[in-house]
Amino acid sequence: MKKSSRSKVNLVYRQELYERILQRAPDFPEVCQQLGQLYARQGRYLDCLRIDQNWRRARPQDPLAYYNLACDYALLHDPDMSLACLEIAFLLGYRDRRQLEKDPELENVRGHPRFRILLRRYFPQPNRRR
C-alpha cells in the first residue's frame, strides 16, 4: 500500500474513531478538537461548528470552546459571530496572542476593525519609556 493510501486510511480510521467516542462522550475536548481539525481539513465547516457547539454546551466556561467557535464562524464567513465568540473566549481567559495572529482559520476576520479593537482591549501593549 502506498504511503498516501495509508495516510488516507489512517485519517478515515481516526475520524470514525473520534465520531464513535463523541457519541458516548460529546464533551471530550481533546476529541472535539481533533475531529474538528479533521473536518476543517476536509472543508466540512458546518460539521466543525456542530462539534464545537456541543463542546460549548457541555463546557460553557471553557475559553477554548469559544475560540474554536470563533474559528468555525470565520471559516463560514460570519465575522460578527466569529468576533462575538472570540470576545467571550477572551472574557473567559483565552490569552494566546501568538495563536490569534497566526491561526489560518481566523484569516477572514483578522483584518476586521473589531478584531483590532479586541486585540487592543485584551492584549494591551505595555507603556514604553522614552
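The values are calculated or read from the model by the stated rules, or taken from the named source; none is laboratory data. On a predicted model such as this, the values are computed, not experimentally measured, just so you know. Neighbour counts are summed over all protein chains in view; Cβ atoms, including those assigned to glycine, are modelled from backbone coordinates with ideal geometry.
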Checklist entry - What number of residues within the stretch 89-117 are buried (at least 18 other Cβ atoms within 10 Å of the Cβ) and within 21 Å of Q61 (Cα to Cα)? => result 4
Item to check | Of residues in the stretch 34-75 being farther than 20 Å from Q99 by Cβ, assigned to a helix (DSSP H, G or I) and polar (S, T, N, Q), the one nearest to the chain's Cα centre (by Cα) | outcome: Q53
Item to check | the stretch 19-33: number of residues that are in a helix (DSSP H, G or I) and surrounded by fewer than 14 Cβ atoms within 10 Å (Cβ to Cβ) | outcome: 4
Checklist entry - For the stretch 103-127, what are the residues that are assigned to a helix (DSSP H, G or I) and more than 18 Å from the chain's Cα centre (by Cα)? => result P113, R114, R116, I117, R120, R121, Y122
Checklist entry - Across the stretch 76-102, what is the number of residues that are closer than 20 Å to G36 by Cα and not in a helix (DSSP H, G or I)? => result 5
Next on the checklist: Against the condition charged (D, E, K, R), modelled with pLDDT under 95 and either surrounded by 12 or more Cβ atoms within 10 Å (Cβ to Cβ) or in a loop (DSSP other than H, G, I, E, B) (or both), how does R130 come out, does it pass?
Outcome noted: yes
